[in-house]
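The values are calculated or read from the model by the stated rules, or taken from the named source; none is laboratory data. Predicted model only: the values in this text are computed from it and were never measured. Positions of Cβ are generated from backbone atoms using ideal geometry, with glycine treated the same way; all protein chains shown enter the neighbour counts. These area figures cover heavy atoms from the full protein model, side chains too; ligands, DNA and RNA do not enter into them. Shrake-Rupley method; radii C 1.70, N 1.55, O 1.52, S 1.80 Å.
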Amino acid sequence: MAWSFRKLGWFGVAACAWPLVSVAAAAAQAGSGTAAGDAEPPAARYRAVLEQYCVTCHDDRLRTASLSLQHVELADPVAHGDVLEKIVRKLRTGEMPPPGARRPDAATYDAFAGWLEQQLDAEAAARPTPGRPALHRMNRTEYANAVRDLLGLDVDVTGLLPQDDSTHGFDNVADTLGVSPLLLEQYVNAARKVSRLAVGTADVPTAAATYRLSSDLEQTDRFDGLPFGTRGGVRVEHLFPRDGHYDIRVRLARNVNEVVIGMQEEHEIEIGLDGARLKLAAVGGGKYAKASGLDAAAVTVDADDHLIVRHRVAAGRRAVSATFIRKTGALAEGGGFGGGVPLVGSLVITGPFDAPTGPPEADTASRRRIFTCRPAQAAGEPACARQILSTLARRAYRRPVTNTDISVLLDFYEDGRRDGSFDDGIELALRRMLASPQFVFRFEQAVEAGRVAPLSDLELASRLSFFLWSSIPDDELLAAAERGALGRPGELERQMRRMLADPKAEALVTSFAGQWLYLRNLRNASPNPRIYPDFDHNLRDAFRQETELLFGSLIREDRSVLDLLAADYTFVNERLARHYGIPGITGDHFRRVAVTDPRRRGLLGHGSILTVTSYGTRTSPVTRGKWILENLLASPPPPPPADVPELTENDPDAEVLSMRERMAAHRANVVCASCHTKIDPLGLSLENFDAVGRWREVDAGVAIDAAGALHRTEGGAAIDARGALPNGRSFEGPEGLREALLSQPDVFVRAMTEKMLIYALGRGLEHTDAPAIRAIERAAAESDYRFSALVMGIVNSVPFRMIGG
């Protein structure tokens, strides 16, 4: 069959997603009008404030920061809305006028900002301007989740689809999810592999899957999911596509000279499947213990050749493991080649061999999901095929299916059935479904230019599902949308709370928080091992899990989002507890513990945040300060000029400067000072945490000599962790920074709301979205900023629920 783009239904799909414009929100009460007996109009009064404190720098001549306020009409939010929102943001954060300049009193700040917000919010309520419908392609994560929820099949799509570009901090923004002929071909190929795995067609080729362990993974303790009395190793969930025999092979870790490490003594390694032992084998000792020098690589080349077992496995997802039996005293350093004990380097699963023809013997989860009927005779096949495809297409397309939809799929079914079995016909039709634009794209109604309209219930269900689950709606949500029930009082909130309680809401942790907080960057974090020898893959993974578990607890327990800054609890395993100096924690599993050290409370004390905002050789106050401004204060600094010089490294032959002194020297450059004046104080307040999040009182420092070699400097000065917010409020250390941020909770919550709204809408924000953000924050404040209140505010907002032309 010819798989042309026209036949697949791709013809006419735009090559890039349409840009989205902003959507306004309902007005919220803020600010004040003319006081009783005060004859001066508010616009004139605040214009005088603007002239006195702002226009001096922001006039037509100077245009500081490329902004002139000389002719801005404060009472005209239509003509000058974008500039007025900039003024509001600077007033609310207290950034302008800059510290050290003449500034109005706090009451004037609040009244001026409140009055401007009132004008802007009233205009947004009178004339909402929601965004245009977007051609929104599923990103890679959403595609995998949709396949899981549609077919009950977990598929690793990293080898099938390319990594998605990110903009505005997220990889689900429609403007960057473009389409090209090559990408369309990859979706077709992905559909082919997924459909064959789901149905279990007979022609699954023999293939090998390799699970490699990180070279810096510490394997001294038992890992979760592995038997007690073991150490190290690996446990993977592997999808066996067909019943058949498979080879499970373990490769031991080798050093840079390809010598198998830890061979001086004999050790036992266990290979298992679904918790049952398949093989117990000995490694090391004997001839391997006597090998040394240049002969070691040749002698140990076959040290793991016998670590293979062939076993018959039924189709489906199975747990495969390889781990060492713990030996008393086996963890001593030295001995062997490259270390005291052998380590698992990789696990390779190859098969199937001698796979039977016809349907799988095992009734897999995906086949149960697909084959809702099974025809006993050929005469019943067409009706059964229609039932199967109608059921799947309704979920896949997120709407009731039409006769045309089913007709197209039945054509493919008949082609497959003509050349093969009933299952082959269903597989080909499913392949067509998974490659269809109706599955891959989210379509929304077109609205006449200049008009606005509410989303249909079906469109709203898709937005809600992709927001909370990064996946398609389930049957309950889809059925409610088909009935038109989402507009009934309380129904949308009921659905939202149900969905947040579902395990699929973990997508908010891994996709939203993972990108907002830069947790995804941890995979690339590589602190220099000569400076931070204790950092390894175990610690990297523990950092990530700690922060994910904290964010997940907010969702599960519906806690205040302020706990991200103030939480007096965290989650640790033995490896992370040892890093933080928390006693009494043993084992690889994570558990909730009280935080007794106030410096460690909330995100600002998490090793994940402190590591991704550092360099491999040192801390970075600039990166840390920028992270705080962007993610906690919604006040990102502008990009640096192209010719800004790098921070000077210490010269081992010269006087060693503290980080604060080096940053001060950097700010001496006038070009640098304008931004670093507000960036550096925030980052320097966290300087007691080193580049891997350990607490320190002295900055010993690292120097680089002329040859490029690293040197730890002797001694060092006590760390000065004084800092300041952009509004000039001073504080000291991470505790002071946390308290300063919590003193203006509305600023932090609005910052988080902005990030979450970008993620929920799949587009960047415009100034016309600001009224909605304020309304969401104010409504959430009435519920102590509980997580569900923030989500409900977004779901009820005009940007989320309306569409414009």
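Picking from Asp502, Asp588, which residue would you name as being acidic (Asp, Glu), within 20 Å of Val692 (Cβ to Cβ) and either out of contact with any Pro (no Cβ under 6 Å at 6 or more places or on another chain) or surrounded by 15 or more Cβ atoms within 10 Å (Cβ to Cβ) (or both)?
Values: Asp502 fails: within 20 Å of Val692 (Cβ to Cβ).
Step by step, each of Asp502, Asp588 is checked, and only Asp588 is acidic (Asp, Glu), within 20 Å of Val692 (Cβ to Cβ) and either out of contact with any Pro (no Cβ under 6 Å at 6 or more places or on another chain) or surrounded by 15 or more Cβ atoms within 10 Å (Cβ to Cβ) (or both).
Checking the stated criteria, Ala779 turns out to be in contact (Cβ under 8 Å) with a residue 12 or more places away in the chain, small (Gly, Ala, Ser), more than 16 Å from Lys90 (Cα to Cα) and open to solvent by 30 Å² or more (accessible area, probe 1.4 Å). Of the helices (runs of 4 or more DSSP H) lying entirely inside the stretch 393-479, those carrying at least 2 residues that are of a type in the set (Lys, Arg) are 403-419, 422-434. Scoring Asp221 on the criteria (1) open to solvent by less than 10 Å² (accessible area, probe 1.4 Å); (2) in contact with a helix residue (DSSP H, G or I) (Cβ under 8 Å, 6 or more places away or on another chain); (3) at pLDDT below 90 leaves a single failure, condition (1).
Let's see how each residue does on (1) in contact with a strand residue (DSSP E or B) (Cβ under 7 Å, 6 or more places away or on another chain); (2) of a type in the set (Val, Ile, Thr):
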{"site": "Ala111", "(1), (2)": "no, no"}
{"site": "Gly114", "(1), (2)": "no, no"}
{"site": "Pro128", "(1), (2)": "yes, no"}
{"site": "Arg132", "(1), (2)": "yes, no"}
{"site": "Thr141", "(1), (2)": "no, yes"}
{"site": "Arg192", "(1), (2)": "no, no"}
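Listed conditions (1) of a type in the set (A, V, I, L, M, F, W, C); (2) open to solvent by 60 Å² or more (accessible area, probe 1.4 Å); (3) at pLDDT below 90 are all met by Trp695, apart from (3).
Exactly one residue among Ala789, Ala760, Ala740 is small (Gly, Ala, Ser), in contact (Cβ under 8 Å) with a residue 40 or more places away in the chain and either part of a helix (DSSP H, G or I) or surrounded by 23 or more Cβ atoms within 10 Å (Cβ to Cβ) (or both), and that residue is Ala760.
Contact annotation: residue pairs with Cβ atoms under 7 Å, 6 or more positions apart or on different chains, pairing a residue in the stretch 674-693 that is assigned to a strand (DSSP E or B) with a partner that is open to solvent by 30 Å² or more (accessible area, probe 1.4 Å), are Phe689/Trp695. Here is the figure for the stretch 515-559: residues that are within 15 Å of Tyr615 (Cα to Cα), surrounded by 22 or more Cβ atoms within 10 Å (Cβ to Cβ) and out of contact with any helix residue (DSSP H, G or I) (no Cβ under 6 Å at 6 or more places or on another chain) total 2. Among the residues making up the stretch 792-805, those that are part of a helix (DSSP H, G or I) and either of a type in the set (Lys, Arg) or open to solvent by 10 Å² or more (accessible area, probe 1.4 Å) (or both) are Met792, Gly793, Val798, Arg801.
State whether one or more residues within the stretch 444-454 are among the charged types (D, E, K, R) and surrounded by fewer than 16 Cβ atoms within 10 Å (Cβ to Cβ). Within the stretch 444-454, one or more residues are among the charged types (D, E, K, R) and surrounded by fewer than 16 Cβ atoms within 10 Å (Cβ to Cβ). Considering the stretch 596-641 alone, what residues qualify as being open to solvent by 10 Å² or more (accessible area, probe 1.4 Å) and within 16 Å of Asn528 (Cα to Cα)? Matches in the stretch 596-641: Val612, Ser614, Tyr615, Gly616, Thr617, Arg618.
Answer yes or no: is there a residue in the stretch 560-570 that is touching a residue at least 24 places away in the same chain (Cβ under 8 Å), part of a strand (DSSP E or B) and polar (S, T, N, Q). If you could, list the steps in order and put the result at the bottom.
First, pick out the residues of the stretch 560-570 that are touching a residue at least 24 places away in the same chain (Cβ under 8 Å): 560-570.
Cutting the leftovers down to part of a strand (DSSP E or B) gives us 560, 569-570.
From what's left, polar (S, T, N, Q): 560, 570.
Checked against the condition, which is being touching a residue at least 24 places away in the same chain (Cβ under 8 Å), part of a strand (DSSP E or B) and polar (S, T, N, Q), the stretch 560-570 yields at least one hit.
Summed over the stretch 368-410, residues that are more than 20 Å from Asp424 (Cβ to Cβ) and either touching a Gly at 6+ places or on another chain (Cβ under 7 Å) or surrounded by 15 or more Cβ atoms within 10 Å (Cβ to Cβ) (or both) total 7.
Of all residues in the stretch 107-131, those satisfying the criterion of being part of a helix (DSSP H, G or I) and either within 23 Å of Ile679 (Cα to Cα) or of a type in the set (Ser, Thr, Tyr) (or both) are Thr108, Tyr109.
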